[in-house]
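Chemist: For reference, the structure I am asking about is given below.
The values are calculated or read from the model by the stated rules, or taken from the named source; none is laboratory data. Just so it is clear, the model here is predicted, and its values are computed rather than measured. Methodologically, a virtual Cβ is constructed for each residue, glycine included, from the backbone with ideal geometry; neighbour enumeration extends over all protein chains shown. Accessible surface is based on the protein model in full, side chains and every heavy atom, while ligands, DNA and RNA are left aside. Shrake-Rupley method; radii C 1.70, N 1.55, O 1.52, S 1.80 Å.
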Amino acid sequence: MIPSREQALGMLRAMVRVRRLEERCAEDYAAAKIRGFLHLYIGQEAIAAGVLPALGAADSVVATYREHGHALLRGLPARAIMAEMYGRSGGCSRGRGGSMHLFSREHRFFGGHGIVGAGLPVAIGLALADKLLGTRGVTCVFFGEGASAEGEFHESLNLASLWRLPVLFVCENNLYAMGTALARSEAEPEIHKKAAVHRIGSEVVDGMDVAAVTEAASQAIDRVRETGAPWFLECLAYRFRAHSMFDPELYRDRSEVETWRTRDPITQLVSRMAGAIMPEDIAAIEAEAAAEIADACAFADASPLEPVEDLLLDVRAP
Amino acid sequence: MKLTYRDAVRDALREALRADPRVILVGVDIGAYGGTYAATRGLLAELGPERVRDAPLAESAFVGAGVGAALGGLKPIVEIMTVNFSLLALDQIVNGAATLRHMSGGQLEVPLVIRMATGAGRQLAAQHSHSFENWFAHVPGLRVVAPATVADARGMLATALRERDPVVIFEHVQLYGIEDDIEPAPVDLDRAAVRRVGTDATIVTYGGSLPRALAAADLLAAAGTSAEVIDLRTLRPLDTETVLASVARTHRAVIVDEGWRTGSLAGEVAAIIGERAFWSLDAPVGRVCSAEVPMPYAKHLELAALPSAEAIVAAVTAVLHA
């Protein structure tokens, strides 16, 4: 698909917002304003930018611990995301979750899950609720290829198919489960084939190509909504940065990373759409993103810490 | 109304399903099979496969689906066949259901009820007989209850379904057959119950150990000792006030717990008594727990591993003469 100028600008804006937000997160991590684990999405932005805009407000999203981009593109304000990173009361999870646990009930963004594979069963349940309540909602669950080694992956695909539930499985295959290369962890490295054994239809898409992801995701979401049955989208992608801020990247060559960087989803889109996307468009998008992030960080800086007296809040309902 | 514990569980489930269309049952063999302990027999025919939902052997996925369904607006009741199998779903319960409210800054609610059978006494050996109630009672974010009577089996579910957070219900396998004459009534999940009033010593217990504790109290009464028996009912949060008030009167306490002694709920209750009632004690707190061995199959060995009325009598006698 060749996007229109307006579509291309929307895709570019989405990816740039995520990229710049995360670059700022890396800086703030170095400055010790953000602590704990921080898993950057840089390189994979085309997936979130292709899938999330295709969902409706009544749909549900479940993501992993590498979810800053998904949260932002689902509509969580950058302010709430950055304040959460800083551990402040203005954070979307009021400083209780951090980088790995962004949530927004309002946006039906159900996390932010730190256990690999654990979001999949939750997505099954959300879809079951939609089915029984007759909402026509679709649940979109993101996970990495590493999750496909977990039992919960197979259990969840089986349930989704057996119970015919409206779930879109989005596998972000970035070739490494932390430091374990796909070929070293999977006897069947073509992840979508695992969907087939559960009788779930699938498509493999270039996850570095935002237009391709957009097209595949839109069709997949329509299909899930129409049929009420699950679908599996495998997006082939690459993470440019380390797994987390503690990762010395001993498991892959710099040259491999550099090769993949030539397929950067942002520069790819810009070069492919040269003539439609103008330098002044890029400058405007960059300026908007910079302003959004500056505002978010200022908000987060000014946001008070949760009072220690409130430590035990929200363990159970009052 | 004369009911067995099993009937009481089934009546409570049926009532919940009839009362609220958002209530669904999920579990292995709860439908066509009728429930491993027959607690759900007949419900599939009455309420249909959408709401009485047989699940494949995928504990983590169907418990996690319960979490998601609760987030999505349903009120799921998930049955896990036994507590031993719940270990396959521990991630969804402990890392998921129990944490989501807090981890989301109070945005998410998981009104999920998880029922499971627990305990020994049926010669099912070391993978179907254990008591891990304390594992769950350790976890902030969960409420853990153990109905030990027919009335509680009938009344606790409705109260649990009114909670906006996860509740784990433990049904001891030895209790399904007990019978009582009860009137269905809601049960207060915040209070322990004094099942027998006494003056000389307090026996604190829960779940499947209650009948043994009451039998021990009968034996003690015949020998002239008046034992008070407290049924904790809710294992998290513990009703410490009822326990402490009793110990303040009797000055002696024995805790009976089918879990292993090391790291047990009995240890937690003993610690609370030690911290808050030390000066009213006339003797060290006693404990009667299961022997620290994977549950053996042979009947005589299984019985030897479990708390018995005789062992409880001996422990109470020991604290009386300390």
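Chemist: For chain A, return all DSSP H helices satisfying: extent of Cα atoms along own axis at least 20 Å; mean Kyte-Doolittle hydropathy at least -0.5.
Modeler: Membrane-span-like by this rule: A:119-133, A:210-227, A:279-302.
Chemist: Also, quick follow-up: Using a 1.4 angstrom probe with every protein chain in place, what is the largest-first accessible-area order of B:T36, B:T118?
Modeler: These residues rank, largest area first, as B:T36, B:T118.
Chemist: What distance in nm lies between label points placed 7 Å from Cα along the C-beta direction at A:T227 and B:A291?
Modeler: Going from the A:T227 label point to the B:A291 one covers 5.8 nm.
Chemist: Further question: Considering only protein heavy atoms, what per residue accessible area in square angstrom results for chain B with a 1.4 angstrom probe?
Modeler: Result: 36 Å² of accessible area for each residue.
Chemist: Of the DSSP beta bridges with both residues in chain B, give the percent that are antiparallel, rounding to the nearest 5.
Modeler: 20 percent
Chemist: Okay, next question. Using a ≥ b ≥ c from the Cα gyration tensor of chain A (square roots of the eigenvalues), is it rounded, prolate or oblate, where a/c under 1.5 gives rounded and otherwise the larger of a/b and b/c decides, a/b for prolate?
Modeler: Because its axes are fairly even, with a/c under 1.5, chain A counts as rounded.
Chemist: B:D20 to B:H300: extension gain in nm, 0.36 nm per residue of separation minus the Cα-Cα distance?
Modeler: The span from B:D20 to B:H300 would gain 96.2 nm if fully extended.
Chemist: Using amide H atoms built in the peptide plane, which far-off residues or other-chain residues are under 5 Å from B:I24 H to H?
Modeler: B:K75, B:I77
Chemist: Further question on the same structure: Measure off, as a whole percent, the carbon and sulfur share of the 1.4 Å-probe accessible area of the range B:193-320, all protein chains present.
Modeler: That share works out to 61 percent.
Chemist: For chain A, what's the relative contact order in percent, using C-alpha pairs closer than 8 Å and at least 6 residues apart?
Modeler: 25 percent
Chemist: Now for a different question. Would you tell me the accessible area of B:D188, worked out with a 1.4 angstrom probe on the heavy atoms of the protein chains, in Å² to the nearest 10?
Modeler: Per-residue accessible area (B:D188): approximately 80 Å².
Chemist: Need one value for A:167-178: mean number of C-beta atoms belonging to other chains within 10 Å of its residues' C-beta atoms.
Modeler: Across A:167-178, the average partner-chain Cβ count within 10 Å equals 0.
Chemist: At a threshold of 8 angstrom on Cα-Cα distance, excluding pairs fewer than six apart, so keeping six or more, what relative contact order does the range B:173-319 reach in percent?
Modeler: Relative contact order of the range B:173-319: 25 percent.
Chemist: Further question: Using a 10 Å cut-off on Cβ atoms, rank the peptides A:66-76, A:213-223 from the highest mean neighbour count down.
Modeler: Highest mean packing first, the order is A:66-76, A:213-223.
Chemist: Under the classification rounded if a/c is under 1.5, otherwise prolate if a/b is larger than b/c and oblate if not, where does the range A:205-274 fall, given a ≥ b ≥ c as square roots of the Cα gyration tensor eigenvalues?
Modeler: Oblate shape, in that a/c is at least 1.5 and b/c is the bigger or equal ratio.
Chemist: Got a sec? What order do A:I200, A:I115 fall in by accessible area at 1.4 Å, biggest, i.e. largest, first?
Modeler: Ranking A:I200, A:I115 by accessible area, largest first, yields A:I115, A:I200.
Chemist: Ok, one more. Sum -39500 (n - 2.57) across every DSSP H segment of at least 4 residues in the protein assembly as shown, then divide by the residue count to get the 222 nm mean residue ellipticity, nearest 500.
Modeler: -12000 deg cm²/dmol
Chemist: Tell me, what is the 1.4 Å probe accessible area of A:C140, in Å² to the nearest 10?
Modeler: Counting only protein heavy atoms, A:C140 exposes about 0 Å² to solvent.
Chemist: Taking beta carbons within 10 Å but only from partner chains, what does the mean come to for residues B:70-79?
Modeler: Mean partner shielding for this stretch: 5.
Chemist: Given a 1.4 Å probe, how much area per residue of chain A is accessible, in Å²?
Modeler: Computed with neighbouring chains in place, this is 39 Å² per residue.
Chemist: Tell me, how many Å apart are the Cα centres for the range B:124-185 and for the range A:114-148?
Modeler: Between the Cα centre of the range B:124-185 and that of the range A:114-148, the gap is 29 Å.
Chemist: Do any residues of the range A:67-100 show a loss of at least 50 square angstrom of accessible area between the isolated chain and the full protein assembly, using a 1.4 Å probe, and if so which?
Modeler: A:R96
Chemist: Identify the GluC sites (Glu not before Pro) of the range A:89-189 meeting these criteria: DSSP loop state and at most 13 other C-beta atoms within 10 Å of the C-beta.
Modeler: When the GluC sites (Glu not before Pro) of the range A:89-189 are filtered for loop state and at most 13 Cβ neighbours within 10 Å, A:E106 remain.
Chemist: Another question, then. With everything on Cα atoms, drop me the angle between helix B:240-250 and the longest principal axis of chain B, reported from 0 to 90° to the nearest 10.
Modeler: 20 degrees
Chemist: Considering only protein heavy atoms, what is the solvent-accessible area of B:K75 at a probe of 1.4 Å, reported in Å² to the nearest 10?
Modeler: Per-residue accessible area (B:K75): approximately 30 Å².
Chemist: Follow-up. Normalised by the residues of chain B, what does the relative contact order come to in percent, with Cα pairs under 8 Å and at least six apart?
Modeler: 16 percent
Chemist: Could you tell me the ratio Rg/Rh of the protein assembly as shown? Both radii from Cα atoms, Rh via Kirkwood.
Modeler: Over the Cα atoms of the protein assembly as shown, Rg/Rh equals 1.05.
Chemist: Something else about it: How many percent of the accessible area of the range B:2-181 is carbon or sulfur, using a 1.4 Å probe?
Modeler: 51 percent
Chemist: Taking 7 Å along the Cα-to-C-beta vector as the label spot, tell me the A:R254-A:T135 distance in nanometres, rounded to one decimal.
Modeler: My value for the distance between the label points is 4.9 nm.
Chemist: Can you give the FRET efficiency to the nearest 0.05 for A:E288 and A:T180, using r as the Cβ-Cβ distance and R₀ = 30 Å? If you can, show how the numbers build up before the last one.
Modeler: Details: r = 38 Å, r/R0 = 1.27.
Taking R0 as 30 Å, the efficiency between A:E288 and A:T180 is 0.20.
Chemist: Same structure again: For the interface of B with A, what's the total buried accessible surface in square angstrom, probe 1.4 angstrom, rounded to the nearest hundred? List each step's numbers first, then the result.
Modeler: On the way: alone 13220 and 13950 Å², together 23980 Å².
That pair hides around 3200 Å² of surface in total.
Chemist: Taking beta carbons within 10 Å but only from partner chains, what does the mean come to for residues A:114-121? Mind showing how you got there, number by number?
Modeler: Numbers: counts 3, 4, 0, 4, 7, 3, 5, 15.
Mean partner-chain Cβ count within 10 Å for A:114-121: 5.
Chemist: In nm, to one decimal, how far is the modelled label at B:R276 from the one at B:A158, with both set 7 Å along Cα→Cβ?
Modeler: According to this spin-label approximation, the distance is 3.0 nm.
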